[in-house]
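The values are calculated or read from the model by the stated rules, or taken from the named source; none is laboratory data. Quantities reported herein were computed from a predicted structural model and do not represent experimental measurements. Every residue, glycine among them, receives a Cβ derived from its backbone with ideal geometry; neighbour counts consider all protein chains shown. Surface accessibility is based on the protein's heavy atoms, side chains included, excluding ligands, DNA and RNA. Shrake-Rupley method; radii C 1.70, N 1.55, O 1.52, S 1.80 Å.
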Amino acid sequence: MTPVTRQEVLGLYRKVFRIAKKWQSASGQIEETIMEKEYIKNEAKTLFRKNKNVTDPKLIKQCIEECEARIEIGLHYNIPYPRPIHLPPMGLAHKQGRTLRHQEKLRKISKPIYLKSHDEVS
């Protein structure tokens, strides 16, 4: 990992914890705010620790982009949880003769960047 990349990752880590410290739930209830703050902290710790040994520059860039996307979406919608995608099980367009395996490949490709690691951790 280059020093610039390391600084960027550590900056994102600090940014997530600053957001968690100032987080206020949409409902304004204290219990819900505390639960959401804990979720943000635990999710950050889990994902950053899971990816701490990643050395491939492309994968590191992808993880950074995912983190930035999740931060922006969380702040915009005021929810700390990843926004779900709504695709019916076989709802992707298919051409004649394509198999279920191809449908699964299309589904994986169509998954938004902010959900790439969510299924792995959950």
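Annotations for the structure displayed:
- Taking residues in region 1-24 that are closer than 14 Å to Ile60 by Cα, and partners anywhere that are polar (S, T, N, Q), the pairs with Cβ atoms closer than 9 Å and at least 6 places apart or on different chains are Met1/Thr55; Val9/Asn51.
- Among the candidates Val54, Val16, residue that is touching a Cys at 6+ places or on another chain (Cβ under 7 Å) and within 19 Å of Ser117 (Cβ to Cβ): Val54
- Failed item in (1) among the hydrophobic types (A, V, I, L, M, F, W, C); (2) exposed (fewer than 13 other Cβ atoms within 10 Å of the Cβ); (3) at pLDDT 65 or above; (4) under 13 Å from the mean Cα position of the chain (by Cα), with Ile79 passing the rest: (2)
- Residues of region 23-74 that turn out to be aromatic (Phe, Trp, Tyr) and closer than 15 Å to Tyr13 by Cβ, as a count: 1
Yes/no per residue for (1) at pLDDT 95 or above; (2) open to solvent by less than 100 Å² (accessible area, probe 1.4 Å); (3) outside any helix (DSSP H, G or I); (4) under 29 Å from Met1 (Cα atoms):
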| position | (1), (2), (3), (4) |
| --- | --- |
| Tyr13 | yes, yes, no, yes |
| Arg18 | yes, no, no, yes |
| Ala26 | no, yes, yes, no |
| Ile34 | yes, yes, no, no |
| Lys52 | no, no, yes, yes |
| Gln62 | no, yes, no, yes |
| Ala69 | no, yes, no, yes |
| Leu75 | no, yes, no, yes |
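- When we screen Glu38, Glu43 for residues that are among the charged types (D, E, K, R), assigned to a helix (DSSP H, G or I) and in contact with a helix residue (DSSP H, G or I) (Cβ under 8 Å, 6 or more places away or on another chain), the only hit is Glu43.
- Meets criteria (of a type in the set (A, V, I, L, M) and open to solvent by 100 Å² or more (accessible area, probe 1.4 Å)) for Val4: yes
- Asn42 vs. criteria at pLDDT 90 or above and surrounded by 11 or more Cβ atoms within 10 Å (Cβ to Cβ): yes
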